[in-house]
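Notes follow the structure.
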Amino acid sequence: MRYGPVRLDLRAPDSTRSLPLDIAHAARAATRAVVLAMLEQEELGRIHVGWQVEDDNLRFTVRDDGPGSPAPEALTVHRVNDRLTALGGRLVLDAVPGWGTTVTGTVPLGPVAAPAVHPLAALGGRESEVLEHLALGHRNRAIAADLHISESTVKFHVANILHKLGVGTRGEAAALARSTGDIAAA
């Protein structure tokens, strides 16, 4: 920027509120990536960057006076949206041909709710197959014959399933499997 023809205007944050370190670093990285993406446009004279702290959100705005036609992959190359989504934020791109582009990112300042984990996500492929048989009410011998494994291997998988799902019996494991909707009842 120092030696280029583009003028960079930075507006100081409008608040003296302290920001969580991870939020500040993510917003800074996202802002930088947006500025770099905008610099790839031709006929660009000025980029304006501003941060605002509003209630429980940090909002950054990057606006240019370019042609208003950024390359569609410009922001995906820098994975800006992925970075903000991981923090519960979002990115909005508004490009008007002939007038410029405005990119607004919003990041919540509070803790991000952990995504809900599917109850059966911890199971491996073979364990999922054994659980399907359990949900159908099959016994170890029938499971072993159908999957072409030994009964002791089935017992091993059943023990792992019970442990990973945090249940005490085969019936509880089968009920949990049916309640997720992934496995049909017999």
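The values are calculated or read from the model by the stated rules, or taken from the named source; none is laboratory data. Quantities reported herein were computed from a predicted structural model and do not represent experimental measurements. With ideal geometry, Cβ positions are generated from the backbone for all residues, glycine too; neighbour counts draw on all protein chains shown.
Screening segment 2-29 for residues that are charged (D, E, K, R) and in contact with a Lys or Arg (Cβ under 7 Å, 6 or more places away or on another chain) and picking the one that is surrounded by the fewest Cβ atoms within 10 Å (Cβ to Cβ) gives 9.
Condition first: without any contact (Cβ under 8 Å) to a residue 12 or more places away in the chain, surrounded by fewer than 16 Cβ atoms within 10 Å (Cβ to Cβ) and part of a helix (DSSP H, G or I). Now tell me which residues in segment 154-168 satisfy that. 156, 159, 163, listed by residue number. Looking only at residues in segment 77-87 that are crowded, with 17+ Cβ neighbours inside 10 Å and outside any helix (DSSP H, G or I), the one that is modelled with the highest pLDDT is 87. When segment 35-55 is filtered for residues that are surrounded by fewer than 16 Cβ atoms within 10 Å (Cβ to Cβ) and under 14 Å from residue 104 (Cβ atoms), the ones remaining, listed by number, are 52, 54.
Of all the numbered requirements in (1) surrounded by fewer than 17 Cβ atoms within 10 Å (Cβ to Cβ); (2) modelled with pLDDT under 85; (3) assigned to a helix (DSSP H, G or I), residue 32 misses one, and that requirement is (2).
Residues that are of a type outside the set (Gly, Ala, Ser) and touching a His at 6+ places or on another chain (Cβ under 8 Å) do not occur anywhere in segment 156-169.
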